[in-house]
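The values are calculated or read from the model by the stated rules, or taken from the named source; none is laboratory data. Quick caveat: nothing in here was measured; it's all calculated off a predicted structure. Counting neighbours? That spans all protein chains shown, and the Cβs are built from the backbone with ideal geometry, glycine included. Just the protein is used for accessible areas: all its heavy atoms, side chains included, with ligands, DNA and RNA removed. Shrake-Rupley method; radii C 1.70, N 1.55, O 1.52, S 1.80 Å.
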Amino acid sequence: LLRNHADYDFEMIYYNADGKQSSMCGNGGRCIVSFAHYLGVISERTRFLAIDGAHEAIVHLSNSISLEMIDVASIEDLTDNSCLLDTGSPHYIEVRNNIANIDLATEARKIRYNDRFREKGVNVNFVELKDRIVHIRTYERGVEDETLACGTGVTAAAIAMHHWKMVGTEVKVKAIGGDLEVSFDHIE
């Protein structure tokens with residue numbers, strides 16, 4: 001929902017497929033910025049409110065959208081190849097081989113519904129680095145299935161891969177639904 005707000009250009013209210021209000025949706029944020037621009041609510045730059053706080057965004061001449069996400073407070077290493085971080089939504093990131101051939105729903109549900117995450121849920125992302133591009137597949141809580149792309153998940157994956165020293169701070173990411181780019185500042 002695109003809602004008026006006294007202190008921001010607008011407020012984004014986002015619901016998942018299960019009918020519950022969601023945590024931050026990065027792709028939803030990009031879509032609502034594009035929609036607000038189309039309606040004339042905003043010009044090329046905006047500052048809007050989402051469930052996780054304020055976000056700034058830019059509509060580029062190419063009609064691509066740059067969206068600023070919240071700062072990541074911490075990264076919890078779970079194993080040598082998996083971690084947990086929050087980019088507005090909680091994400092479990094795990095490096096795996098041949099992610100195109102994984103039965104994603106089956107594998108992700110083992111994590112999403114384990115004792116640690118069952119109550120609040122977690123988005124599960126499997127990633128693989130090929131030719132300097134991070135490939136990702138995401139299972140989203142609230143949808144309870146694979147989605148074609150997840151903006152907060154792509155952001156979390158890029159940051160996790162940088163944390164593991166596999167990529168720099170400008171990262172190309174390939175999701176089933178398309179190609180995305182993530183850039184960020186790494187501050188100790």
On a full-extension model of 0.36 nm per residue, what is the gain between ASN81 and HIS186, subtracting their alpha-carbon distance, rounded to one decimal in nm?
35.8 nm
Taking the Cα-to-Cβ direction at ASP179 and at ASP145 and moving 7 Å from each Cα, how far apart do the two end points lie in nm?
2.8
To the nearest Å², the heavy-atom accessible area per residue of the range 1-137 with 1.4 Å probe amounts to 57
Taking a probe of 1.4 angstrom, what is the accessible area of SER183 in Å², to the nearest 10?
90
Report the full-extension gain for the segment LEU39 to ASP131: residue separation times 0.36 nm, less the Cα-Cα distance, to one decimal in nm.
29.2 nm
Taking the Cβ of VAL59 as the center, what net charge do the other residues with Cβ under 10 Å away carry, scoring Lys and Arg +1 and Asp and Glu -1?
+1
Once the other residues with Cβ under 10 Å from the Cβ of ALA160 are scored (Lys, Arg +1; Asp, Glu -1), what is the net sum?
-2
The range 1-152, accessible surface, carbon-and-sulfur percent (1.4 angstrom probe)
46
Taking alpha-carbon centroids only, the range 135-160 lies from the range 57-73 a number of Å equal to 17
Which entry is the computed Rg/Rh (Cα atoms, Kirkwood Rh) for this structure: (i) 1.11; (ii) 0.96; (iii) 1.34?
(ii)
Reported to the nearest 10 Å², ARG109 has, with a 1.4 Å probe, an accessible area equal to 100
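Within 12 Å, Cβ to Cβ, of LYS110, how many net charges do the neighbouring residues add up to if Lys/Arg are +1 and Asp/Glu are -1?
Values: positive: ARG109, ARG112, ARG116, ARG118; negative: GLU94, ASP103, GLU107, ASP115.
After counting each charged neighbour, the total is 0.
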Measuring from centroid to centroid over Cα atoms, what is the spacing of the range 104-118 and the range 26-50 in Å?
33
Among HIS135, HIS60, HIS91, the residue with the largest mean-square fluctuation in a Gaussian network model of the chain built from Cα contacts under 10 Å is HIS60
